[in-house]
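For reference, the structure discussed in these notes is given below.
The values are calculated or read from the model by the stated rules, or taken from the named source; none is laboratory data. Since we're looking at a predicted model, the values are computed, not measured. Cβ coordinates were reconstructed from backbone atoms using ideal geometry, including for glycine residues, and neighbour counts include every protein chain displayed.
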Amino acid sequence: MTDISSIVILTGAGISAESGIDTFRSAGGLWEQHKVEDVATPEGFARDPDLVLGFYDMRREALAKVRPNAAHTALARLEREFAGELLLVTQNVDDLHERGGSDQVLHMHGELKSALCLSCEVRSRWDAPMACRPPCPVCQASSLRPDVVWFGEMPYQMERIYAALQRADLFVSIGTSGAVYPAAGFVQEARTAGAQTLELNLEPSEGTAHFHEARHGPAGALVPQWVEEVLSA
Ligand code: BV8
């Protein structure tokens, strides 16, 4: 492996699958149980806030029942031991990267454990249900929404992500179908800027052709092995 001094990692629902969190597009996954436009769009929230708040309450409550897996803890080891620059970007709204030991996690699609107040626009750490319309911790208005990025909304920290992709020597995509943009376009951004690109996924993603290398299997096996390779290079 040539000298790697800057790595960008993108993770998706597949890295949390072995922890027992449903992915979106697998059989019986989240989007089969619910229509995207009903639960993951601003229009769906405006149409039926109780349905949407209940959908996210269910997913937030489920976090207490799951644990990080070997892929999460391997990325935390990489953060501790890799001497170069590392940016971990996740599409996931769960907190398993943090509970697996990663300190620096960029949640480009927001977090289940964050609440956004539609009145004062302040974000607060949040771990309770929202369907009962609790007061905002800051302004007391009963106008909290999940602090997650719905379809049609702008993902967070895009400037920072694109700047890191331009500098990266290596871009690694873990556990994502490559179905959702702009995240699905990161591999092309990185490759065009000169990075090596690696896909670690259970099966070929929609963007697999854009990667220099692809390894297919469960993240719980592939990620610790890859981290060991990088740290012993
Ligand atoms: C936006 C948060 C405007 C909420 C989510 C072209 C350009 C730009 C935008 C678009 C475009 N074309 C269309 C769009 C619009 C849209 C889009 O991409 N639509 C798709 C359906 C075509 N994008 C948007 O609306 C985005 N916003 O475009 O704003 C803009 C953009 C840029 C600049 C200016 C303006 C916002 C999208 C975010 C939506 N929010 N989630 C929530 O969680 O409820 S999306 C949700 O699905 C996830 O966050 C994730 O991002 C996405 C994809 O899910 P994955 O993580 O990949 O999961 P999936 O189930 O699909 O796949 C799992 C993979 O894991 C599989 O491949 C499987 O094989 C693998 N796997 C399974 N088990 C394992 C495993 N791998 C390893 N080990 C295992 N054990």
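General observations
- Only one of the numbered conditions (1) free of Cβ contacts under 8 Å to residues at least 24 places away in the same chain; (2) touching a Pro at 6+ places or on another chain (Cβ under 8 Å); (3) crowded, with 17+ Cβ neighbours inside 10 Å; (4) not hydrophobic (A, V, I, L, M, F, W, C) is violated by Ser142, and that is (3).
- Against the list (1) of a type outside the set (A, V, I, L, M); (2) within 15 Å of the ligand (Cβ to nearest atom); (3) touching a Ser or Thr at 6+ places or on another chain (Cβ under 7 Å), the condition Glu79 fails is (2).
Each row is one residue, and each column tells you yes or no for (1) surrounded by fewer than 17 Cβ atoms within 10 Å (Cβ to Cβ); (2) more than 28 Å from Gly220 (Cβ to Cβ); (3) free of Cβ contacts under 8 Å to residues at least 40 places away in the same chain.
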site: Ser26; (1), (2), (3): yes, no, yes
site: Leu30; (1), (2), (3): no, no, yes
site: Asp48; (1), (2), (3): yes, yes, yes
site: His72; (1), (2), (3): no, no, no
site: Ala76; (1), (2), (3): no, no, yes
site: Gly84; (1), (2), (3): yes, no, no
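- Which numbered condition Leu116 fails, given (1) touching a Lys or Arg at 6+ places or on another chain (Cβ under 6 Å); (2) closer than 30 Å to Ser5 by Cβ: (2)
- Filtered residues of the stretch 1-32 (kept if of a type in the set (Val, Ile, Thr) and within 13 Å of the ligand (Cβ to nearest atom)): Thr11, Ile15, Ile21, Thr23
- All positions within the stretch 54-69 that are over 19 Å from Pro146 (Cα atoms) and surrounded by 20 or more Cβ atoms within 10 Å (Cβ to Cβ): Pro68, Asn69
- Residue within the stretch 168-185 that is of a type in the set (Phe, Trp, Tyr), within 14 Å of the ligand (Cβ to nearest atom) and surrounded by fewer than 17 Cβ atoms within 10 Å (Cβ to Cβ) present: yes
- Any chance Pro218 is surrounded by fewer than 15 Cβ atoms within 10 Å (Cβ to Cβ), out of contact with any Gly (no Cβ under 6 Å at 6 or more places or on another chain) and more than 20 Å from Asp3 (Cα to Cα): no
- Cross-chain or 6+ apart pairs with Cβ under 9 Å, the stretch 175-200 first and of a type in the set (Lys, Arg), then modelled with pLDDT of 95 or more: Arg191/Phe171; Arg191/Thr197; Arg191/His210; Arg191/Phe211; Arg191/His212
- Filter result for the condition that a residue is touching a Gly at 6+ places or on another chain (Cβ under 9 Å), away from the ligand (no atom under 13 Å from the Cβ), modelled with pLDDT of 95 or more and not basic (Lys, Arg), over Ala164, Ala131, Ala141: Ala131
- Failed item, numbered, when Glu189 is tested on (1) of a type in the set (D, E, K, R); (2) over 18 Å from Glu229 (Cβ atoms); (3) in contact with a Ser or Thr (Cβ under 9 Å, 6 or more places away or on another chain); (4) within 14 Å of the ligand (Cβ to nearest atom): (3)
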